[in-house]
Amino acid sequence: MSVAGVNHDALLAQALAFREQGDWAQALATLTRANIQRPSADVQQQLIDWRIEAGRSLPASPESAPRVTAPLGAAGSVGIPEIAPSELSAARVREAVYSSGALIVRGLLKPPTVETLRQQIERVVGARENPDLFPPVESQAAWYVRSPEAWGAPSQFFRRPGQTVESSSIWVADSPRMACELLALYESLGLPALLESYFGEPARLSVKKWVLRKMAPKKNGNAGWHQDGRFLGEDIRSLNLWLALSDCGGDAPAPGMDLLVDGPREIHPTGTDGAWFDWTVGPERVARLAREASIVQPRFAPGDALLFDQYSLHRTALEDHHSAVRYAIEAWFFAASTAPARQQPLFI
């Protein structure tokens, strides 16, 4: 039955009934239909609460879920492979990640979508930074609300005294409106099905690793080389979707990323070899690794996507010529059976 053919209150009642039966997939699908029919801050908040609750309460994955490994014969290649959106598949992602460490999808998002997402990030930042001018909650949109189901440190903001926010890092789950928008976008891109094929089982998102980013350039700043597996653990299967919403990297005006390509798929020691922090891989070790691999700094156009997993050694590229703010959205997905509980798996 179409969304328009069901009364809004009836949809809410159906969603609650599915939830009480433990059918989270139907409960969330029905509640999403209710929000599409009549956008509501309360329903958006409820959707986030339920997704976190479902991610915590559902069994991780059937024991029979296939364990997907590297393709036979995967070997290093020069640079990061680049494909068009029409070429995107689980097989292409797997081949690129296991051979080169990453995959670039050029033009995954259309310009109008990019512009809308940038404006929405600014709206979320405004709701957090200046709630008098930008109400965190409106009748049809929950722009900035912390779910009672979420736990952990608050969003990060960096600014000089007396100035507006220069850089922000905000959990998407703290903006139910943005969460609904992005989950609908991922669905339209076919991402849930691709991830299930890639992992061999359903995927989970991470509350703590699903982030809206607004980054101002830092002259002479330190951006340490790191691997997310250092925080997430090696015994997981993950895939990060990093969406560029700015012209960034290379000789662009906004900072991009440096990546080690063709490096060994292992978690390297941190806090040694001249490392600036205890969680970063020291530059001396990176230099040694680069003798057998290569360091690249791709240029990204707004709407380009970068995919990589927990083994990717990378850092934010900070150069003297950077003068523009970079907008991006980061989303870490996990195979359900290996999703780390401390990252708060979220049902998608």
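Just a yes or no: is a residue in the range 146-165 open to solvent by less than 60 Å² (accessible area, probe 1.4 Å), at pLDDT 95 or above, in contact with a Phe, Trp or Tyr (Cβ under 8 Å, 6 or more places away or on another chain) and in a loop (DSSP other than H, G, I, E, B)? Taking every residue of the range 146-165 in turn, none turns out to be open to solvent by less than 60 Å² (accessible area, probe 1.4 Å), at pLDDT 95 or above, in contact with a Phe, Trp or Tyr (Cβ under 8 Å, 6 or more places away or on another chain) and in a loop (DSSP other than H, G, I, E, B). The residues of the range 262-311 that are β-branched (V, I, T) and surrounded by 15 or more Cβ atoms within 10 Å (Cβ to Cβ), listed by number, are I267, T270, T280, V281, V286, I295, V296.
Please work out if S246 is open to solvent by 60 Å² or more (accessible area, probe 1.4 Å), within 22 Å of L117 (Cα to Cα) and either touching a residue at least 12 places away in the same chain (Cβ under 8 Å) or out of contact with any Asp or Glu (no Cβ under 6 Å at 6 or more places or on another chain) (or both). It is false that S246 is open to solvent by 60 Å² or more (accessible area, probe 1.4 Å), within 22 Å of L117 (Cα to Cα) and either touching a residue at least 12 places away in the same chain (Cβ under 8 Å) or out of contact with any Asp or Glu (no Cβ under 6 Å at 6 or more places or on another chain) (or both).
Taking the residues in the range 241-284 that are part of a strand (DSSP E or B) and β-branched (V, I, T) as candidates, determine which candidate is farthest from P85 (Cα to Cα).
First, the residues of the range 241-284 that are part of a strand (DSSP E or B): 241-244, 248, 254, 257-261, 281.
With the extra rule that they be β-branched (V, I, T), the set shrinks to 261, 281.
On the way: V261: 22, V281: 33 Å.
So the residue we want is V281.
Checking the range 257-276 against the condition returns a match, with at least one residue being farther than 30 Å from Q119 by Cβ and among the hydroxyl-bearing types (S, T, Y).
Conditions tested, residue by residue: (1) at pLDDT 95 or above; (2) more than 26 Å from the chain's Cα centre (by Cα); (3) farther than 27 Å from L243 by Cα.
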position	(1), (2), (3)
A4	no, yes, yes
A13	yes, yes, yes
A34	yes, no, yes
Q44	yes, no, no
G76	no, no, no
E82	yes, no, no
S99	no, no, no
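Would you call L28 surrounded by 19 or more Cβ atoms within 10 Å (Cβ to Cβ) and under 15 Å from E149 (Cβ atoms)? When the stated conditions are applied, L28 passes them. Among the residues of the range 285-340, those identified as more than 29 Å from L88 (Cα to Cα) and of a type outside the set (A, V, I, L, M, F, W, C) are R285, R288, R291, E319, D320, H321, H322, S323.
The values are calculated or read from the model by the stated rules, or taken from the named source; none is laboratory data. A quick note: this is a predicted structure, and the numbers were derived from the prediction, not measured. Glycine also receives a Cβ, built like all others from the backbone with ideal geometry; neighbour counts cover every protein chain displayed. Just the protein is used for accessible areas: all its heavy atoms, side chains included, with ligands, DNA and RNA removed. Shrake-Rupley method; radii C 1.70, N 1.55, O 1.52, S 1.80 Å.
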